[in-house]
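Each remark here refers to the structure printed beneath this line.
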Amino acid sequence: MTGQPYPTDAEIEHAAALLDAGELVAFPTETVYGLGGDAANPEAVARIYAAKGRPANHPVIVHLPPGADPEYWAAEWPESARKLVAAFWPGPLTLIVKRHPRIPDAVSGGQDSVGLRCPSHPVAQKLLAAFSARRGGHGGVAAPSANRFGHVSPTTAQHVRDEFGAAVHVLDGGASDVGIESTILDLSRGFPALLRPGHITPHDIARVLGEAPRLPDGSDATAPRASGTLKAHYAPSTPLALLPFEALEPLLCAARENGETVALVARASRARAWASAPGVHFVAAPEDPQVYARELYGLLRALDRANVTRILIEKLPETLDWIAVNDRLGRAAAAFEARE
Ligand code: TXA
Ligand code: MG
């Protein structure tokens, strides 16, 4: 958290009024900042797509305040959803369920499902509650991450301003605690399937459901389409490579010979010889997956501004503990593999 005081009640009411009028408001959540619009207003949702430069067939998540009735938005509410909500809401878990016909097509990208999430950040909760109250307790806020399509998600209000300038009204709630987007679990097909790994892990889900979710290994051909599941996504502008340390060393040597400055993100214990080498902008990789997740997007944004020709990142262990960070780093690297 920064020292920034939270928005006042009057500022929250003002933001809720903007949403009510079909305008967009960027707001903090515990995962990343969202770019919100009234989920029941197709024009507001169209504004979100336009601001992000996002294709219209990508669905957005509907955010609800604590205590809201998720079944208002769903055509079916399975027992598994009930259990997961009891265990993890409010919190960084998005559930995909069959959508209620009252949901505009634009929200679900034309699919027959909808993503629902109840964030735990107090500023998000206040905004969602204030907006919902204006709709008789049934207001929902459609919100993708508040970044341009394909960019790194914002974890501070300043990141949102860096993306959109003054064009978007931003509520400042300090730095996001989790740092990467919510876990997305699909419950719309009769079995639990992880679409996007996040802070709530497959172990956490299995513990509650008594059944492990299918993992997003690319073989799940009937999975609903999700932009966060595109191979190349979440990318900085500076080329990024994700490789085991042994494979990074030749790249470091080549950069040194070319007189280039590169960023190196690796375990301090492995990178000792390179950490203080000229032409190397070294960052010690956090040893804990949750700390790495919290710092990841801020780090990528900072390295984008660090005047380096390449960002070299040491690959992480292929264990479930690291699945979410691996996923985001893998996609950031894939953006450049695709261009090569
Ligand atoms: O943590 C988060 O989830 C953040 C904060 C703001 O809540 N939101 C977020 O939204 O990451 P976005 O739009 O950047 O990513 C949401 C992902 C997208 O990949 C989208 O395609 C997928 O959720 N999604 C939303 N509704 C879906 C649906 N009905 N079926 C499949 N995927 C869906
Ligand atoms: Mg996003």
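The values are calculated or read from the model by the stated rules, or taken from the named source; none is laboratory data. Worth saying up front: this structure is predicted, and the values here are computed from it rather than measured. Ideal geometry is used to build each Cβ from the backbone, glycine not excepted, and the neighbour counts take in all protein chains shown.
A few notes on this one:
- Checklist (1) part of a helix (DSSP H, G or I); (2) crowded, with 16+ Cβ neighbours inside 10 Å applied to P286, failing item: (1)
- The residue that is nearest to R134 (Cα to Cα), counting only those in the range 40-77 that are of a type in the set (A, V, I, L, M, F, W, C) and assigned to a helix (DSSP H, G or I), is A44.
- Scope the range 165-198; condition within 10 Å of E30 (Cα to Cα) and in contact with an Asp or Glu (Cβ under 8 Å, 6 or more places away or on another chain); matching residues: S176, D177, V178, G179
- Filter result (small (G, A, S) and not in a helix (DSSP H, G or I)) within the range 294-308: A306
Residues are listed down the side, and each one gets a yes or a no for (1) within 16 Å of ligand 2 (Cβ to nearest atom); (2) of a type in the set (V, I, T); (3) modelled with pLDDT of 95 or more; (4) assigned by TED's automatic domain parsing to the domain that holds T29:
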residue	(1), (2), (3), (4)
A167	no, no, no, yes
G173	no, no, yes, yes
V178	yes, yes, yes, yes
L187	no, no, yes, yes
A226	yes, no, no, no
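- Residues satisfying the stated conditions in the range 252-277, i.e. surrounded by 16 or more Cβ atoms within 10 Å (Cβ to Cβ) and either in contact with a Leu (Cβ under 7 Å, 6 or more places away or on another chain) or aliphatic (A, V, I, L, M) (or both): L252, A255, V262, A263, L264, V265, A266, A271, W274
- Selection of first residues in the range 67-91 that are hydroxyl-bearing (S, T, Y) and of second residues that are in a helix (DSSP H, G or I), restricted to Cβ pairs under 6 Å at least 6 apart or on distinct chains, gives the following pairs, ordered by first then second residue: S80/L209.
- Residue check for P250: at pLDDT 95 or above and more than 30 Å from the chain's Cα centre (by Cα): yes
- Tally of residues being touching a Pro at 6+ places or on another chain (Cβ under 7 Å), within 16 Å of ligand 2 (Cβ to nearest atom) and at pLDDT 95 or above across the range 62-107: 2
- Identity of the residue in the range 191-214, in contact with a Leu (Cβ under 8 Å, 6 or more places away or on another chain) and free of Cβ contacts under 8 Å to residues at least 24 places away in the same chain, that ends up farthest from N326 (Cα to Cα): R214
- Where a residue in the range 15-32 is within 30 Å of V291 (Cβ to Cβ) and of a type in the set (D, E) and its partner, wherever it lies, is part of a loop (DSSP other than H, G, I, E, B) and within 16 Å of ligand 2 (Cβ to nearest atom), with Cβ under 7 Å and at least six apart: E30/P92; E30/P119; E30/S176; E30/V178
- Only one entry of A44, A40 meets the criterion of being in contact with an Asp or Glu (Cβ under 6 Å, 6 or more places away or on another chain), under 30 Å from E163 (Cα atoms) and assigned by TED's automatic domain parsing to the domain that holds L128, and that entry is A44.
- Considering the range 22-39, the residues that are in a strand (DSSP E or B) and among the hydrophobic types (A, V, I, L, M, F, W, C) include one that is nearest to P5 (Cα to Cα), namely F27.
- Residues located in the range 310-327, provided they are touching a residue at least 24 places away in the same chain (Cβ under 8 Å) and either within 18 Å of A284 (Cβ to Cβ) or basic (K, R) (or both): R310, I311, L312, I313, E314, K315, L316, W322, V325
- Considering V168, V160, V152, V178, the condition of being more than 12 Å from the chain's Cα centre (by Cα), within 13 Å of ligand 1 (Cβ to nearest atom) and touching a residue at least 24 places away in the same chain (Cβ under 8 Å) is satisfied by V160 alone.
- Of the strands (runs of 3 or more DSSP E) lying entirely inside the range 102-211, not one is found with 2 or more residues being surrounded by fewer than 18 Cβ atoms within 10 Å (Cβ to Cβ).
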